[in-house]
Structure formats: C-alpha cells, structure tokens
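The values are calculated or read from the model by the stated rules, or taken from the named source; none is laboratory data. Note that this is a predicted model, so its numbers are computed, not measured. Cβ coordinates were reconstructed from backbone atoms using ideal geometry, including for glycine residues, and neighbour counts include every protein chain displayed.
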Amino acid sequence: MTNSKFLKRASLVVLALMFIAGYEAFFSEPTYGGLSVEGFNYTPYNLSEFVIRDKHGNRASGGGDLPPSAGEGSLSCCYKLKGTDFTVEWEVYDADEAIKDLYAPIKKIHKTTLVHLPPVKRSDRAGDDVLGLHFYPDDHIELEFRNDLSGTRIDYTEAHHWFKTTYGKASNPDDLDWAAAYRRTARVAAQGWMKYRFTDPVDLEQYVYYMLLVNPKFDEHPAVQQILKNSSGKPGAFGAAMQALGDSIVKQIKAGKFIHVAAKE
C-alpha cells in the first residue's frame, strides 16, 4: 500500500472516530450519582410518598407524610438518575377526610407527572447537593439541585401564624385543633397561588384574611381588581396595598355592597 493510500485511509478512520465520538457526545445524557432527594409540598393535601424514575430503570424516592408547606429537612439518599426527562409517581391524601373515621383505610390520591430537567453540572459526591422536588397545587412539579435542606418556596406556616396571632378566636371560630385550623389556612393560601401565584408571606396573609374574615368574593371589588393588576409580578405588593385599603372600601367589601367584577379563575 502506498503512503498516499495509507494516509487517506488513516484520515478516513480518524474522521469516522471523530464523528462517532461527536455523535455520542451530542446524544449522551447526564448521569447524576450519589443523589439525595427531598420533597417540598405546596399542595393542600398531605404528600405521603413519591418516586422519580428515569427511562433507564433508575429510581429515587421520598416523602414521609409531608403536610402542606412541609419538606425541609426530610431527606433520602443515595440514588442514581440519568437523563433529562423523568416520571414522578406520587400520592396525597386529605387529612381532614382521614380523621373522620380513624378506622377506615386512608383514601390515597395517586398522580403521575412528567418532568424535564435540563443538564446540570454537579460533583456526583454523596451529600454534596440535593435534588429537590417542588410539588405545586396545580399538580406540576419542578426539579432543582440545591446544597442545603432549606428553601421552601411557599410557606403556609407563616401565613397561618400571622392569621392566628393577629385575629385570635376570629381566626378559628369553630375551635378546630391546631392541625385542622392550619390545614384550612393552607387550603385557602393554596388557592391564592392557584389564582394569582402568590408566594410572598404578606400576600398570602392578606389573601387568607380577606377570604376567611372579610368576604370570599373580595377580589371582585373594582379596587381590589386594580391592586391585583398593579401588583402582578411584584411579590409583597398585593399584601402591602391591601393593608393600606381605606376603611370605607373594606366595609363595602365586607357587606358585599359593590359592583362585582369577574375575578380571575
């Protein structure tokens, strides 16, 4: 074989190898080893468990009967996941329904959600970071790598503490136990996220207060509609504006004596 033919063949082999390497690199999927996982529950129900699976048969699980707004500090380890698209199978239950008959089986609500996670660079060393699964009231889930056990995005406990300490007996007129009263607040706060994407504690506090103690149709008042429009996308702005509402408008809302404007559904 002449030198020119040898060099030509060698060049073709090198090009083929480069093509294969490039092809594999382009289509390779990220692999996350040594994973710890934690769930953050923003639904109005108790999150009993969840399992996240990739298409290669790997899985990670967590949960542990997390009430609304819970999740920080509840951690499971150590798992491996591969890829960018995952299936999360999870189940919740209504604790208020469960306590009506303590001897009856708890009615679990099973859900399945598809989740996409763009490739993320991480160390793969166990304990270095955590894969957080954020469960939202509309049943969508967001994945996030983090390096601590804090970072809840919606804290219903703050809204409930403020509501209870500010309004005392009026916040719990039927004298529910603490857990049941908290779940009622969480359900209302979750509605605030569903309708207006409220996550700021002050926004949630004012939403809960007006829903439970003023008028559940308060957001149909033209002044409130204007506040909602002006504060959209500005965390804390809705709560601050509602705190500044004049007494005359609050009285109108409480009495229901105003022209109702259809609120966002």
task = Using the structure shown, decide if residue 174 is more than 27 Å from residue 91 (Cβ to Cβ) and among the charged types (D, E, K, R).
result = yes
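Yes/no per residue for (1) in contact (Cβ under 8 Å) with a residue 12 or more places away in the chain; (2) surrounded by fewer than 12 Cβ atoms within 10 Å (Cβ to Cβ); (3) under 22 Å from residue 236 (Cα atoms):
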position	(1), (2), (3)
95	yes, no, no
105	no, yes, no
108	yes, no, no
114	yes, yes, no
139	yes, no, no
146	yes, no, no
156	yes, no, yes
161	no, no, yes
183	yes, no, no
request  = Please tell me if residue 210 is farther than 27 Å from residue 47 by Cα, in contact (Cβ under 8 Å) with a residue 40 or more places away in the chain and of a type in the set (Phe, Trp, Tyr).
outcome  = yes
query = Is it fair to say residue 170 is under 15 Å from the mean Cα position of the chain (by Cα), small (Gly, Ala, Ser) and not assigned by TED's automatic domain parsing to the domain that holds residue 63?
reply = no
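When only residues in the stretch 43-83 that are under 24 Å from residue 192 (Cα atoms) and among the hydrophobic types (A, V, I, L, M, F, W, C) count, which is surrounded by the fewest Cβ atoms within 10 Å (Cβ to Cβ)?
Applying the first criterion (under 24 Å from residue 192 (Cα atoms)) to the stretch 43-83 yields 43-48, 65-72.
Then drop every residue that is not among the hydrophobic types (A, V, I, L, M, F, W, C), which leaves 47, 66, 70.
Working: 47: 26, 66: 24, 70: 20.
Per the criteria, the residue is 70.
With respect to residue 237, is the statement that it is among the small types (Gly, Ala, Ser), at pLDDT 95 or above, over 22 Å from residue 45 (Cβ atoms) and over 24 Å from the mean Cα position of the chain (by Cα) true? Give the steps one after another, and end with the answer.
Details: among the small types (Gly, Ala, Ser): yes; at pLDDT 95 or above: yes; over 22 Å from residue 45 (Cβ atoms): yes; over 24 Å from the mean Cα position of the chain (by Cα): no.
For residue 237, the condition - among the small types (Gly, Ala, Ser), at pLDDT 95 or above, over 22 Å from residue 45 (Cβ atoms) and over 24 Å from the mean Cα position of the chain (by Cα) - is not met.
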note = Restricted to the stretch 182-225 and to residues being in a helix (DSSP H, G or I) and of a type in the set (S, T, N, Q), the residue nearest to residue 260 (Cα to Cα) is 225
request  = Have a look at 139, 200 and point out the one that is within 14 Å of the chain's Cα centre (by Cα) and in the same structural domain as residue 115 (by TED's automatic domain parsing).
outcome  = 139
ask   = Looking at the stretch 34-78, which of its residues are part of a loop (DSSP other than H, G, I, E, B) and among the basic types (Lys, Arg)?
value = 55
